[in-house]
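Reading through the structure tokens given below for one structure.
The values are calculated or read from the model by the stated rules, or taken from the named source; none is laboratory data. Everything quoted here is computed from the prediction, not taken from an experiment. Neighbour counts are summed over all protein chains in view; Cβ atoms, including those assigned to glycine, are modelled from backbone coordinates with ideal geometry. Heavy atoms of the whole protein, side chains included, go into the accessibility calculation; ligands, DNA and RNA do not. Shrake-Rupley method; radii C 1.70, N 1.55, O 1.52, S 1.80 Å.
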Amino acid sequence: MQKFDSAYFDAGIERRGTECVKWDAMAEETGDPEMIPMWVADMDFPSPPAIQEAIGRVAAQGTWGYTRNGKDDAAALCEFWSRRHGIFITEDQVLLSPCVVSGIRIAIQTLTQPGEAVLIHTPVYGPFYDSIRQTGRQLVESPLVEENGRWQIDFAGMEAAMDREQVRAVLFCSPHNPCGRVWTKGEMQRVLEMCKAKNAALIVDEIHADFVYGPAVHTSVLSLAGKEDRIVMLCAASKTFNVAGLQQSSMVSKNPEIVKRLKEQRDCAGITFGNPFALAATRAAYRDCDAWLDGLMQYLTGNRDLVMAHAAKWPGVRMTEMEATYLMWLDCRALNMPQDKLLEQLRAAHVYVTDGRFFGPAGDGFIRLNIGCPRAQVEAALKQMDQVLAK
Ligand SMILES: Cc1ncc(COP(=O)(O)O)c(C=O)c1O
């Protein structure tokens, strides 16, 4: 049996020349062949062998006409969430969608009317902002507050904003990108209770649920939801198994009426058939890749510990505790450097990170570092970053 140990992940995979955004788009934009990509959220590891084999079998079909998504696709998801997260969902509660961001938009359109207010906790994944604004809803922010490198929900501020703006839905990121928080059961319960009390729907993006470092434990909103609740959870195998380019995700709700309306909204967008490669890959991901995922988490833990130890050399940088994801959130405000200048200097040192402002104005002064790559690449990036950050 193949081992998914350090040596396996150390080997990584050559991605240049595949039209991937992380390497090829960056190289085209910067024209710098030495630039190290530590930005967009995918990983420089091969996807699990079981997925490669599943895709190989579909490739061998030789023809790829309209393909239905069947009960088996939903069943594979239910099995995975039961096995990995201990939550029980049934096939009729699952609807496939092309990607999580399209699912977010379908959910917003299902649960709110144009002009109504949708609240987000900022800083947060950039497309949350566009998903609210571009569907004609009103964006309401509830800023997260940072205490000693750990980000918290300001529940009093959230409640006041919900009342003041008559918020009709909360769009929540759990675990949180970019702040790396795994929300506790108590916090999730409070968010849910507040939504119920204010008659607001709750849309929870759980795409990062599989990247949780012990002792933290992911609490899916679905473990707290009842059939009456106006809750939609969004998830995917895309981040977990590095198949984001295949564009498949799922929307899950325990409320049958909401499932029906999500489906109508999805139909309205003209989304009907599945992509045979994505369907086969996702079924394999959910059924046959646990050993790969366990090996990955061990490896990422090593990368995280390495960066945390190294960052002691950077006096102007405060590291955020990364309880989940493979995306580290670096507070660089103490450098007192304009953000453009910081990014310019890092790029001159051949390191390409994500600008904190991608997560909204509250991300000014922060950068996000993607450590989902072989350790040698992390080490190379850290060495280069020393030129800018180690004093
Ligand atoms: C919180 C969050 N949601 C959604 C996505 C994107 O998912 P998809 O490509 O399925 O739209 C990302 C990608 O980084 C993310 O971090």
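Summary of packing: across the peptides 278-284, 295-301, the per-residue average of other C-beta atoms within 10 Å ranks them, highest first, as 278-284, 295-301. Under Stokes-Einstein, with the Kirkwood radius over Cα pairs as Rh, the value for region 57-288 at 25 °C and 0.890 mPa s is 136 µm²/s. The mean sequence distance of close C-alpha pairs (under 8 Å, at least 6 residues apart), as a share of the length of the chain, puts its relative contact order at 24 percent. Rg and Dmax, both from the Cα atoms of the chain and both in Å, are 20.7, 59. More than 22 Å apart: what percent of Cα pairs in region 184-321 qualify? Counting every Cα pair in region 184-321, those more than 22 Å apart make up 55 percent.
Residue pairs exceeding 19 angstrom between C-alpha atoms, taken from Lys22/Lys391; Lys227/Lys260; Lys341/Lys391; Lys239/Lys260; Lys71/Lys254: Lys22/Lys391; Lys239/Lys260.
Considering only C-alpha atoms, what is the centroid distance from region 333-391 to region 154-182, in Å? Cα centres, region 333-391 to region 154-182: 27 Å. Have a look at the DSSP beta bridges in region 57-288 and tell me what percent are antiparallel, nearest 5. Taking every DSSP beta bridge within region 57-288, about 35 percent pair in antiparallel fashion. For Val170, the residues 5 or more places off, or on other chains, whose built amide H falls under 5 Å of its own are Leu119, Ala201, Leu202, Ile203. Of the heavy-atom accessible surface of region 57-288 (probe 1.4 angstrom), what whole percent is carbon and sulfur? Heavy-atom surface of region 57-288 belonging to carbon and sulfur, 1.4 Å probe: 49 percent. Calculated mean residue ellipticity at 222 nm for the chain: -12000 deg cm²/dmol, from DSSP H runs with n ≥ 4 weighted as -39500 (n - 2.57), summed, divided by the residue count and rounded to 500. Electrostatic bookkeeping for Arg84 treats Lys and Arg as +1 and Asp and Glu as -1; over the other residues with beta carbon under 12 Å from its beta carbon, the sum is -3.
The residues neighbouring Val388, those whose beta-carbon lies less than 12 Å from its own, together hold a net charge of +3 under the Lys/Arg +1, Asp/Glu -1 convention. Note on Lys383: aspartates and glutamates with a C-alpha under 17 Å away, same-chain residues under 8 apart excluded, are Glu34, Asp305, Glu344. Based on protein heavy atoms only, region 133-263 ends up with 37 Å² per residue of surface accessible to a 1.4 Å probe.
Rounded to the nearest 20 debye, the dipole magnitude of the chain is 540 debye, with +1 charges on Lys and Arg beta carbons, -1 on Asp and Glu beta carbons, and the Cα centre as origin.
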